[in-house]
Amino acid sequence: MTKLTATIAVLAALVCAAGAFYWANGTGSSPRGSKVLQPAQVSAASAVSEHVGPSQPAPSAVAEVGRAPSPSSEATVPFHAGEVLDFAADVAKLSNVANLRLQIIDRRNFFGKNAWHLQAFARTENPLRMMFELDDQFDSYSDATTLASLQYEMHLSERGEKQESIQRMTTTGAEHAAANATQTRVAAGTRDPLGMMQYLRTVDWEKVREVRGPVYDGHKLYDVRAAYGGSAGSIAVPAGTFAASKIDLRVFDAGVELKDAHFTLYLASNPMRTPVLLEAVMPFATARVALVKMK
């Protein structure tokens, strides 16, 4: 897979959190042909994600800096069941190379826990689609209070080749999982890209200037740090013009910041704190993921 197509393949996750990009671009390829992923690599600076073993102790959580109050009920979060956000992605000089959709499906009981079902879709568009056909779906079941990941799913279809991954997050090895799911050991409070994106919307950035925590992208754990960058003024995207706040995202692997890319998220200054734009500056290209419509 080329660097360009690898970038397109993870643009949906880029909208949700920065970490997923680094896996795709760093490896240059995706694992194929297996419904069960291998254990993630051990990171000295972040929680360890691995298959559950009976004698393995749960790793300690990575602390958050400037912890924002966690949402305690559906009424306190800025999003709602049925929300749909559609985005268009431009990469380098190519416009609308992919369409992205973020959805809040519902709030439900998930193995005895209250959870949000979050979903994202990515689809390449012509002319790129003629060279690289991609139809990917991501599903997250995230704790309704903390938005920590309970289960993360990747249903990928690239050039007609399919990959399925269903990973049930566990801190103790005692969590229930369906027969087709792999248990993955993570630190308490670990979020997946979809949950991290929605969590950033719950932060009161007027009071909290930085948050951090472990993010698992389906392959590896990263420490993601999000810092308030001040007012961005008016941001014009196809969905309209929004007063917005700027959030700078930094990603660390084994305690070392990944310097080869930078991500900036813009959240509208409205009650929903709608994500309206994500900009990614990478060594080989820049990407702009802009809101087209919402409901």
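Bear in mind these aren't lab numbers, they're just calculated from the coordinates by the rules spelled out. Predicted model, so just to flag it, every value in this text is computed and none were measured. Here the Cβ positions follow ideal geometry from the backbone for every residue, glycine too, while neighbour counts run over all protein chains shown.
See the values below:
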quantity: Residues D135, D217, D223 arranged by fewest to most Cβ contacts within 10 Å; calculated: D135, D223, D217
quantity: Length gained when the stretch S95-K207 is fully extended (0.36 nm per residue, less Cα-Cα span); calculated: 36.7 nm
quantity: Calculated over the stretch 150-295: convex hull of Cα atoms, volume per residue (Å³); calculated: 162
quantity: Ranked list, fewest to most other Cβ atoms within 10 Å of each Cβ, for D192, D106; calculated: D106, D192
quantity: Pairwise label distance in nanometres, M131 with F111, each label 7 Å out on the Cα-Cβ vector; calculated: 4.2
quantity: Members of K246/K293; K93/K259; K113/K293 lying beyond 30 Å, as alpha-carbon distances in this model show; calculated: K113/K293
quantity: Calculated FRET value between T241 and V281, using beta carbons and R₀ = 22 Å, to 0.05; calculated: 0.45
